[in-house]
Each structure stands twice: as structure tokens, then as C-alpha cells.
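Coordinate-derived values only; no laboratory data. If you're wondering where the values come from, they're calculated on a predicted model, not measured in any experiment. We place every Cβ from the backbone using ideal geometry, glycine too, and count neighbours over all the protein chains shown.
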Amino acid sequence: MRFRVRIRGRGRVQIPAYGVADAEHLVEKELRRLWPQAQVRVGNISRAGDQRIVEEFAVGYLVEGALEVSAPKAEEAPGAAFRQARGMLAGGRYRRTEWEEVEEEVRS
């Protein structure tokens, strides 16, 4: 069976950049390349070192979107979505993203 599961992932990465705006832009660009349909929000950014030209920044991020997954029953769909999302971000600096299911809003 096919299910649409909305998930949210959050994490924090260390990234070299030329300033705060560059660090924010790099994280947004990299996450959008890995998951083009997702919404990406950058949270708090802090300097992780005291370098002068290229600095090290700790950047918090939130990535959210919906995935179509196959699962034998609805209860197993979120797990399938988490596995698919981990696969999209595997092998890079975002591999430690923590995932949770997002409840769909019911509109009347």
C-alpha cells in the first residue's frame, strides 16, 4: 500500500563559511539539493571557532516535507518515511538529523 507521510527533521551541523549569511545559505542550498521538495529553515547560528577569513559556524536547521512510501499497513508508514529520509541525507554532514512525524492539519 502507498501512504503519504509528513515528517520533520532537525539537527545541527558545523560548517566553514565566510560569515553568518554564507553559513545560512550553504545549509539551505545543501539541504534543498538533497531533498528539493522540502521546506528548509535555518535556526540559530553561532561561531564555533575564532578564525578570521573562513570561520566555523554551528548551524541549527529544520527540514520538513511529505514523502510517498510503501508499507504493509499505516502504522509502518512513518518508519518507512524515516528510512527514506535518512537515505536521502546519508553520507554527509546531515546524516544525524533527528526525524519525527508531523500530523496533517484537518481543515473544515
Separation in nanometres of the label points that stand 7 Å from Cα toward Cβ, at ALA66 and GLU100
2.1 nm
What percent do you get for the relative contact order of the chain when only Cα pairs under 8 Å and 6+ apart count?
41 percent
Summing +1 for each Lys or Arg and -1 for each Asp or Glu, what net charge is found among the other residues whose Cβ lies under 9 Å from the Cβ of ARG47?
-3
Could you work out how far apart the two model spin labels at ALA21 and SER46 are, taking each label as a point 7 Å from the Cα in the direction of the beta carbon, and quote it in nm?
2.4 nm
To the nearest 10 degrees, how steeply does helix 77-89 sit against the main Cα axis of the chain, on a 0 to 90 scale?
30 degrees
How far is helix 20-34 tilted, in degrees, relative to the longest principal axis of the Cα atoms in the chain, given as a value from 0 to 90 rounded to the nearest 10?
30 degrees
I'm spelling it out carefully: the read-out is Cα extents along the principal axes in Å, the candidates are (1) 62, 20, 14; (2) 54, 35, 18; (3) 29, 28, 28, and one was derived from this structure. Which label?
(2)
